[in-house]
Amino acid sequence: MENQAMRRGRGRLLRGLRSLMAMIPATVAASCWAGPSMAQTGPSVLQKIAAAKRITIGYRAGYPPYSDVMDGKPAGYVIDLCQQVVDGLRRQLGIDRLDIEFVTIPLAARFVMMREGRMDMECAATTITAERQRQVNFSIPIFFTATRFVALRRNGYKTFADLAGRTVASLAGTSETGELSAANRQRKLNIAILLCREDVEAFAAVKSERAAAYVMDDVLLAGVMASWGRSDDLAMSEDALGATEAYGIMLPLGDDAFTQAVNAALKASAANGRWKEIYNAWFLTPNPATGRSPNLPLSPDLEASLARLGG
């Protein structure tokens with residue numbers, strides 16, 4: 001039989017869940033950042049993590065400064081933001097602890113793993129697109145970036161027109177590769193796209209000159225350049241492909257209560273200034289492992305977004 005302490009603990013948990021659900025509408029009004037609300041099967045992630053006091057976070061190594069491994073542990077800008085989210089979820093649910101289980105996710109398998117329920121949140125660097133919003137939910141934007149390329153400085157490639165007729169590396173299954181393919185057709189650049197599985201493979205192709213350039217988001221490129229011992233040998237393109245893109249924390253499709261709870265935790269981090277502190281630590285402070293920094297101040301887009309959230 002339950003003792004009095006167990007009944008009180010269960011009562012606090014149920015009250016926390018009821019209070020949180022009362023603040024969250026059953027459906028979320030459509031917005032430019034909200035995925036389509038669809039029928040949800042099974043319990044909400046909120047109910048699951050409240051009962052287990054555990055949340056599973058997917059991440060990828062080798063994507064500094066967003067998501068990487070340092071001293072054998074997940075680390076990075078998005079990792080730190082997600083830890084703020086987890087702390088906010090714990091407070092919203094009224095539970096004494098919420099443990100994190102980190103799982104590594106291959107780039108090409110991230111959407112499948114989310115659909116299969118093998119992670120509750122993906123904390124890496126995933127672009128919010130209309131097509132992806134039919135597969136998963138996203139948090140409010142956590143970063144804004146543009147698609148550029150990195151090439152060996154001595155070759156003098158500065159624009160995408162300079163890459164015409166050459167081989168260019170990009171990552172399979174990314175929005176940047178889609179942008180590159182579209183620009184290649186529209187501009188008739190005759191670029192041969194070398195599809196790579198991971199960032200390190202694409203950079204190796206550039207350094208060995210199997211590829212003239214590597215196309216990816218500019219901040220990820222800057223982060224990897226900062227971690228490379230001979231970063232002065234590399235140069236980033238002057239122009240960008242397409243419009244600015246937004247990154248978000250990937251969440252289960254249709255679980256709008258969980259999405260709203262994640263967004264509430266992010267808004268709290270913006271309002272109390274912690275979000276900016278995390279940004280400064282990863283983009284303006286030298287990396288302890290390399291002694292280098294991307295040295296990228298807040299972009300106007302992210303600064304405006306944080307201001308709207310109260311930061």
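Annotation: of all residues in region 46-74 being modelled with pLDDT of 95 or more and hydrophobic (A, V, I, L, M, F, W, C), the one that is farthest from residue 293 (Cα to Cα) is 51. Picking from residues in region 207-228 that are modelled with pLDDT of 95 or more and aliphatic (A, V, I, L, M), the one that is farthest from residue 107 (Cα to Cα) is 212.
Listed here are the residues, each with its yes/no results for (1) touching a Pro at 6+ places or on another chain (Cβ under 9 Å); (2) of a type in the set (A, V, I, L, M, F, W, C); (3) modelled with pLDDT of 95 or more.
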| position | (1), (2), (3) |
| --- | --- |
| 96 | no, no, yes |
| 104 | yes, no, yes |
| 109 | no, yes, no |
| 125 | no, yes, no |
| 129 | no, no, no |
| 135 | no, no, yes |
| 138 | no, yes, yes |
| 142 | no, yes, yes |
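Region 192-269 holds strands (runs of 3 or more DSSP E) entirely within its bounds, and those carrying 3 or more residues that are farther than 22 Å from residue 182 by Cα map to 241-251. Of all residues assigned to region 115-128, at least one qualifies as being in contact (Cβ under 8 Å) with a residue 40 or more places away in the chain and acidic (Asp, Glu).
You will find that of 217, 239, 256, 232, the residue that is at negative phi, touching a residue at least 24 places away in the same chain (Cβ under 8 Å) and in the same structural domain as residue 69 (by TED's automatic domain parsing) is 256 and no other.
Listed by first and then second residue, the pairs linking a residue in region 70-87 that is over 14 Å from residue 99 (Cα atoms) to a residue that is charged (D, E, K, R) and assigned to a helix (DSSP H, G or I), with Cβ atoms under 7 Å apart and 6 or more places separating them unless they lie on different chains, form an empty list. Surrounded by 15 or more Cβ atoms within 10 Å (Cβ to Cβ), basic (Lys, Arg), assigned by TED's automatic domain parsing to the domain that holds residue 64 and under 26 Å from the mean Cα position of the chain (by Cα): does that describe residue 110? Yes: the conditions hold for residue 110. Of the residues making up region 136-184, those that are part of a loop (DSSP other than H, G, I, E, B), aliphatic (A, V, I, L, M) and crowded, with 18+ Cβ neighbours inside 10 Å number 3. Quick one: residue 286 ticks every box in (1) part of a helix (DSSP H, G or I); (2) out of contact with any Pro (no Cβ under 7 Å at 6 or more places or on another chain) except a single one, so which number is it? The single condition residue 286 does not satisfy is (1). Residue-level check: of (1) crowded, with 23+ Cβ neighbours inside 10 Å; (2) under 21 Å from residue 62 (Cα atoms), residue 259 misses just (2). Screening residue 183 against (1) among the small types (Gly, Ala, Ser); (2) in contact (Cβ under 8 Å) with a residue 60 or more places away in the chain; (3) over 15 Å from residue 205 (Cβ atoms) leaves a single unmet condition, (2). Answer with yes or no whether residue 213 is among the hydrophobic types (A, V, I, L, M, F, W, C), farther than 30 Å from residue 121 by Cβ and over 19 Å from the mean Cα position of the chain (by Cα). Considered against the rule, which asks whether it is among the hydrophobic types (A, V, I, L, M, F, W, C), farther than 30 Å from residue 121 by Cβ and over 19 Å from the mean Cα position of the chain (by Cα), residue 213 comes out as yes.
The values are calculated or read from the model by the stated rules, or taken from the named source; none is laboratory data. All of these numbers come straight from a predicted model, not from anything done at the bench. Reconstructed Cβ throughout: ideal geometry from the backbone, glycine too, with neighbour counts over all protein chains shown.
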